[in-house]
Amino acid sequence: PQWQQRSYTAPSTALESQLAELWCDIFKLERIGVHDSFFELGADSITAAKMVAKLRDVLGKEVPLAAIFEATTIAELAEHLQRDQQLDPLANVQPLNTLAARGEGQPLFCIHPVLGLSWGFAALGQYLSEGCALYGIQSRGLGGGEPLPQSVEDIAGDYVALIREQQRSGPYRLLGWSMGGVIAQEMARQLRELGESVSFLGALDAYPFAQRPAGDEAETVRNVLAFLDIETSAAPDTMAELSEFLCREYDVLNLEFVKQLQGKQSALIDDVSAVIANNLKLLQGFKPQPVDVDMHFFQAVNTANSAHLQHRPQAWRAAVADLHVYPVDCHHQQMLEAEPLAVIGPFIARALAEQ
């Protein structure tokens, strides 16, 4: 990646100096100013997890991973750590940059994939305008103790209510990855029914399930695994087993926030597995309805074809006003990694700027 640094401002406190030294070590740079953005320097969610682990060792206390997404510069992170704010990494609405944390700027709401977590969108912030507040919307049920939604329509209605708490009226801007793109399209439809405007609807390799007669559950599982490009000699046979398998495949146990929360929420992995299973079930029964909003579709051209998904962008043609397709040389699972995001990010930034 190409590092992007602002004009250099030296650390002015002992904590800022500690953080600057740590960042220089991670990014292999001689110096980093206190106003350089973590993500503009080339970081992603994996780098953020490494940063949190090192911060814990250096500072001798737990630092929530969400802190890195909300406070993206050394100056902001130092201020945040001094306030010792406690953030809930499983909250339904996650501020992913400083403007969102302050409740300022024009929001872009990013909707989670089937795993239910939205933190991966944080790296998109480096490509957006300085006035854009980046929010992640996460699944209900991750924290346990609440009923799971019964339909994609219910999920969309719930999320519409959540985003209207952050932004009272339109135009709204929505972006979803995988399942999140399906939800975002339904959110746009419900917002238009409420008389609100939607100025941007983006989908990252998001496909509705094909409407098919009920068949072999094991076949459905195999098709989902093929779509996710996961090869295994011991494939699960049921959707419930698939959700547990995906938890292992995505290494959920080693996510930094999972390590932090397992002591407080002993059933965390079971809760995440239940969310995945429910999300997959709801997607199979959902058929998108038309909305008079354009869709910007980013297609991962290396994704395997699945008989259970309408695996072509044109599947959305009848469900949106106009469809703009941008091919991206990556696989479905790589959409928010650094190289694909370097293609996707500027496209989204330009589309938002044109609204």
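General observations
- Positions within region 33-63 being under 27 Å from the mean Cα position of the chain (by Cα) and under 21 Å from Glu130 (Cβ atoms), in sequence order: Val34, His35, Asp36, Ser37, Phe38, Phe39, Glu40, Leu41, Gly42, Ala43, Asp44, Ala48
- Restricting Asp154, Asp88 to residues that are open to solvent by 40 Å² or more (accessible area, probe 1.4 Å) and in a loop (DSSP other than H, G, I, E, B) narrows the list to Asp88.
A quick yes/no check of all residues on (1) touching a Pro at 6+ places or on another chain (Cβ under 9 Å); (2) modelled with pLDDT of 85 or more; (3) open to solvent by 30 Å² or more (accessible area, probe 1.4 Å); (4) part of a helix (DSSP H, G or I):
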{"position": "Gln94", "(1), (2), (3), (4)": "no, yes, no, no"}
{"position": "Leu99", "(1), (2), (3), (4)": "yes, no, yes, yes"}
{"position": "Phe109", "(1), (2), (3), (4)": "no, yes, no, no"}
{"position": "Pro113", "(1), (2), (3), (4)": "no, yes, no, no"}
{"position": "Gly116", "(1), (2), (3), (4)": "no, yes, no, no"}
{"position": "Ala123", "(1), (2), (3), (4)": "no, yes, no, yes"}
{"position": "Ser129", "(1), (2), (3), (4)": "no, yes, yes, no"}
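- Where a residue in region 181-197 is hydroxyl-bearing (Ser, Thr, Tyr) and its partner, wherever it lies, is not in a helix (DSSP H, G or I), with Cβ under 9 Å and at least six apart: Ser197/Ser169; Ser197/Gly170; Ser197/Pro171; Ser197/Tyr172; Ser197/Val293
- Selection from region 189-215 of residues that are farther than 20 Å from Ala351 by Cβ and at pLDDT 95 or above: Gln190, Glu193, Leu194, Gly195
- Pairs, first among the β-branched types (Val, Ile, Thr) in region 140-157, second open to solvent by 40 Å² or more (accessible area, probe 1.4 Å) and assigned to a loop (DSSP other than H, G, I, E, B), C-beta under 9 Å, six or more apart: Val152/Gly285; Ile155/Arg140
- Complete set of residues in region 167-181 that are under 17 Å from Leu99 (Cβ atoms) and surrounded by fewer than 15 Cβ atoms within 10 Å (Cβ to Cβ): Arg168
- Qualifying residue in region 311-328 (condition: farther than 28 Å from Gly141 by Cβ, acidic (Asp, Glu) and out of contact with any Phe, Trp or Tyr (no Cβ under 9 Å at 6 or more places or on another chain)): yes
- Filter result for Ala133 (open to solvent by less than 30 Å² (accessible area, probe 1.4 Å), touching a Pro at 6+ places or on another chain (Cβ under 8 Å) and either assigned to a loop (DSSP other than H, G, I, E, B) or of a type in the set (A, V, I, L, M, F, W, C) (or both)): yes
- Some residue of region 154-172 being over 27 Å from Pro89 (Cβ atoms), of a type in the set (Ser, Thr, Tyr), in contact with a Lys or Arg (Cβ under 9 Å, 6 or more places away or on another chain) and at pLDDT 80 or above: no
- Condition check for Leu142: at pLDDT below 85 and among the aliphatic types (A, V, I, L, M): no
- Yes/no for Glu186 being acidic (Asp, Glu), part of a loop (DSSP other than H, G, I, E, B), open to solvent by less than 50 Å² (accessible area, probe 1.4 Å) and at pLDDT 95 or above: no
- For region 52-76, taking the residues that are among the small types (Gly, Ala, Ser) and modelled with pLDDT under 75, the one that is most open to solvent (accessible area, probe 1.4 Å) is identified as Gly60.
The values are calculated or read from the model by the stated rules, or taken from the named source; none is laboratory data. Remember, it's a predicted structure, so these values are computed and weren't measured experimentally. As a convention, Cβ positions derive from the backbone with ideal geometry for all residues, glycine included, and neighbour counts pool all protein chains shown. Surface accessibility is based on the protein's heavy atoms, side chains included, excluding ligands, DNA and RNA. Shrake-Rupley method; radii C 1.70, N 1.55, O 1.52, S 1.80 Å.
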